[in-house]
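Throughout, read-outs are computed from the coordinates displayed, never taken from laboratory work. All values reported here derive from a predicted model rather than from experimental measurement. Glycine also receives a Cβ, built like all others from the backbone with ideal geometry; neighbour counts cover every protein chain displayed.
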Amino acid sequence: MKFKTVFVCQKCGYEAAKWAGKCPDCGEWNSLQEEVKQQESKKEKKNRSFTDFSSEIVKLADSKAVQEPRIPTQIGEFDRLLGGGLVAGQLTLLAGAPGIGKSTLMLQVADALAQTRKVLYISGEESISQISGRAQRLGVKNPNIYLHCETNIQNIITAVENEKPDVLILDSIQTVYHPEFTSSAGTIGQVRECAAELVRLCKPKGIITFVLGHVTKDGELAGPKILEHMVDSVLYFDTEKDNVLRLLRPHKNRFGSTSEIGLFKMTGHGLESVDNASEYFAQTSSSAALKGRAYTLALEGSRPLLTEVQALASPTHYPFPRRVATGVDLNRCLMLFAALEKHVGLSLDNKDIYISIAGGVKMKDPALDLAICAAVISSVKDVAIPHDWLFLAEVGILGQIAKVPLIDRRLEEAQRLGFKTAFAAPVSKSEKQKLTGIVLKEITEINELALKLK
Ligand code: TYD
Ligand code: MG
C-alpha cells in the first residue's frame, strides 16, 4: 500500500496537494493540516462508500410507508424535541462545549432506555470509575447498562458485535481513531472514517446510536460537515449566560421538526426537564414596575417563551452615541431606533442605548420589536411600564404595527401567566372571543404606543 501526504481542510474536508493559508473551497483561514493518507486502489475506494444502501427499483405508488414506532425516553423535553421519541436505528449526534452536560444527559437517557433495552456506553474520555461516580450522583444503577473504555474503532466494532446492545453511546467521536489511518484522533479523516464505520455497523442492526461531539470555540461542530450528513439527527447542547439553563437545539432531524428546543436545568442530581419555560423565566424576574423593561412572548419553535427586554438610554459622552444589543440583532434595533426618532419624535442622537434580553437567551422573533420600542420609550421618557403589560407585534420602518404569527397561542399563554394588558396589531374576531382575563389594546402605529406610555 502506498502513502502520500495531503493537506486537509479541518473545516470542510477539502484535500490539497500543497499547503495554503486559506482553504480554496470554503475560504477558512489556517485550516489546512498535513495528514498522511493511504493511496487506495479503485476497488478499495468503491468498497468504502459510507453505507451499503441498495434496493430494487420500485414505483413510489407501490412502496409501503412504514410508520416507525417511537421509543420514548420518558425525559419529557428530550422526547418532545425528537418528535415523540427515538426510532430504531436512529443515529444522533449530540454536540456541545465541554462541561455542558452531554455525558450527564446521555447517562440519564441510558438509564431510561435500559428499563427495556441493553445499553452499551463506550467512553474514550473518562475511566470506568469516573463514569460510575457520575452514575452514582445521578442515581443511575440499571443492570442493563454496560460500560467500556475504548478508543480504537475496530475494538469498538468487536465489542458491539459481541455484546449485541440495543443502544450504543459513544463519548466522543473526537477521541476514537481508526488504526488504518495514521492521522491523530479528532482530525477530519479520522472523524469521518470512524463515523462511517459506526453508520455501517449500527444502521443495519437497528441499534439506537448516540455519538457525542465537541464544538470549536466558534460553537461549530469540530470536524467535518460531512458528519452532519451521515447521521439522522444533530442536536446542539447550548447554555445561556446564567449557566443553569441548558438548551438543546436540533440542527437536523430526519424524524421530527427542527424548530423545537428542549430546555433543561442542571441540578445537583443531573439534568431536569423544564416543561414550563415561561414560568421558569417569570420566576426569575421581579414584579415591580421598572423603567426600561418590557415583556413579550417570543416564539422558540412552536412554543412561546416569556422574554424580558431591557433598555437603558443614558446621555452620551462620546462624539458618536453608543448602541449595544445583547440577545437581539443590533441592526434590527438600529432600525427600530430610527423608526422611533422619525415617527414618535424621540430624540436619541444624544443618548447611548443599551438593549438586553434578560436571561441571555438569544432571540430573533419579530414579536420582540414592539417590546424593544416600549422599553426604549419607557427609558427615554422615564416612565415605568406596569409588570402585567405585554407587547406582541412587529414594527416596520414606517412605524406601522404588524401582526405576528401564532398570536392566539401567545395570548393564551399570556393569560395563563397573569398578564392583564396586551398591545398587539388588530386580531380577528374569533381570536378576540377567546380572550377572558386580558385586555387587548389594538394599535396600528408605533405613535399610539408612545401616547399610552406617559
Ligand atoms: P458533563 O456531563 O461531564 O459535561 P460534558 O460531557 O458535556 O463535558 O457535566 C458537566 C458539568 O455538569 C460538570 O461541570 C458538573 C455538572 N454537574 C452537575 O451540576 N450536576 C450533576 O448531577 C452532574 C452529573 C454534573
Ligand atoms: Mg463528557
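Quick check on my link table: of 141/164; 381/432; 291/420; 342/454; 381/429, which ones sit more than 23 Å apart, alpha carbon to alpha carbon? In this structure, 381/432; 381/429 lie more than 23 Å apart at Cα. Projecting the Cα positions of 128, 8, 153 onto the charge dipole of the chain (unit charges on Cβ atoms of Lys, Arg, Asp and Glu, taken about the Cα centre) puts 8 furthest along the positive direction. Each residue of the range 395-409 was assigned a 3J(HN,Hα) from its phi angle through the Karplus curve 6.51 cos²θ - 1.76 cosθ + 1.60 (θ = phi - 60°); the sequence is 10, x, 5, 8, x, 7, 9, 10, 6, 9, x, 6, 4, 5, 5 Hz, with glycine and proline shown as x. Dipole magnitude for the chain: computed about the Cα centre from +1 point charges on Lys and Arg Cβ and -1 point charges on Asp and Glu Cβ, it is near 380 debye. So what does the Cα-only Debye profile of the range 140-182 read at q = 0.19, 0.23, 0.27 Å⁻¹, as log10 I(q)/I(0), no solvent term? Results for the range 140-182 at q = 0.19, 0.23, 0.27 Å⁻¹ read -0.63, -0.86, -1.08. Between amide H atoms placed 1.01 Å from N, distances below 5 Å from residue 305 occur with 298, 299, 300, all of them 5 or more places distant or on a separate chain. In whole percent, what relative contact order does the chain give with Cα contacts below 8 Å and a gap of six or more residues? Result for the chain is 12 percent.
Under 5 Å between amide hydrogens, built in the peptide plane, is the criterion, and for residue 150 it picks out 123, 124 among residues at least 5 positions away or on other chains. Please report how far the C-alpha centroid of the range 365-427 lies from that of the range 83-146, rounded to the nearest whole angstrom. Answer, in whole Å: 42. Sequentially through the range 108-123, phi angles give Karplus couplings (6.51, -1.76, 1.60; θ = phi - 60°) of 5, 5, 4, 4, 5, 6, 6, 4, 10, 9, 8, 10, 10, 9, 9, 10 Hz, Gly and Pro residues having no value and appearing as x.
Here the Debye sum runs over all C-alpha atoms of the chain as equal scatterers in vacuum, and log10 of I(q)/I(0) at q = 0.09, 0.11 Å⁻¹ comes out as -0.74, -0.97. Check residue 26: other-chain or 5+ apart residues with amide H under 5 Å from its amide H, H built from backbone geometry? Sorted by chain and number, the residues that satisfy this come to none at all. Within the chain, DSSP assigns beta bridges of which about 55% are antiparallel (rounded to the nearest 5).
With only the Cα atoms considered, the range 76-275 has a convex hull volume of 114 Å³ per residue. Per-residue packing, averaged as other Cβ atoms within 10 Å, sorts the ranges 370-376, 398-404 into the order 370-376, 398-404, beginning with the highest.
Length gained on full extension, residue 434 to residue 158, computed as 0.36 nm times the residue gap minus the Cα-Cα distance: 93.3 nm.
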